[in-house]
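Structure record follows, encoded as structure tokens.
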Amino acid sequence: MSVKIRLTRTGRHKDPCYRIVASDTRTARDGAYLDLIGTYNPDKGLEGAEINEEKALSWLNRGAIPSDSVKAMLSEKGIIAKWKAGKK
């Protein structure tokens, strides 16, 4: 089973909000997920993303692959740098 850290859409019509989740790659975008890592509101920009650092690092250490948009958020928060430093 391969796991991705990706966004699932919530919110109403023309007012999106997103959850940052770890999910199996075979599930639908808004389907079941394994763990909720954080939230993202595009109105607030990348700085407005709320991410649980412990959960994100845990999933990255287990081999989860972040999507491009989530990877940008993790980099902005410094989580990718901590993960790479921990691998050495």
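The values are calculated or read from the model by the stated rules, or taken from the named source; none is laboratory data. Keep in mind that this is a model prediction, so the values were computed, not measured. Because the Cβ atoms are built from the backbone with ideal geometry, glycine has one as well, and the counts that use them run over all protein chains shown. The area values use the complete protein model at the heavy-atom level, side chains included, leaving out ligands, DNA and RNA. Shrake-Rupley method; radii C 1.70, N 1.55, O 1.52, S 1.80 Å.
Of all residues in the stretch 59-78, those that are under 12 Å from ALA22 (Cβ atoms) have Cβ atoms under 7 Å from Cβ atoms of residues that are in a helix (DSSP H, G or I), 6 or more apart or on another chain, in LEU60/TRP83; PRO66/LEU74. Among the residues making up the stretch 20-32, those that are over 11 Å from MET73 (Cβ atoms), in contact with a strand residue (DSSP E or B) (Cβ under 8 Å, 6 or more places away or on another chain) and either buried (at least 18 other Cβ atoms within 10 Å of the Cβ) or hydrophobic (A, V, I, L, M, F, W, C) (or both) are VAL21, ALA22, SER23, ALA32.
Every condition in (1) open to solvent by 50 Å² or more (accessible area, probe 1.4 Å); (2) at pLDDT 95 or above holds for TYR40 except the one numbered (1).
Pairing residues of the stretch 1-12 that are touching a residue at least 40 places away in the same chain (Cβ under 8 Å) with residues that are open to solvent by 60 Å² or more (accessible area, probe 1.4 Å), at Cβ distances under 6 Å and at least 6 apart in sequence or on separate chains, gives LYS4/ILE65. Close contacts from the stretch 17-43, counting a first residue that is touching a residue at least 60 places away in the same chain (Cβ under 8 Å) and a second that is open to solvent by less than 60 Å² (accessible area, probe 1.4 Å) and not in a helix (DSSP H, G or I), with Cβ to Cβ under 6 Å and a gap of 6+ residues or different chains, come to none at all.
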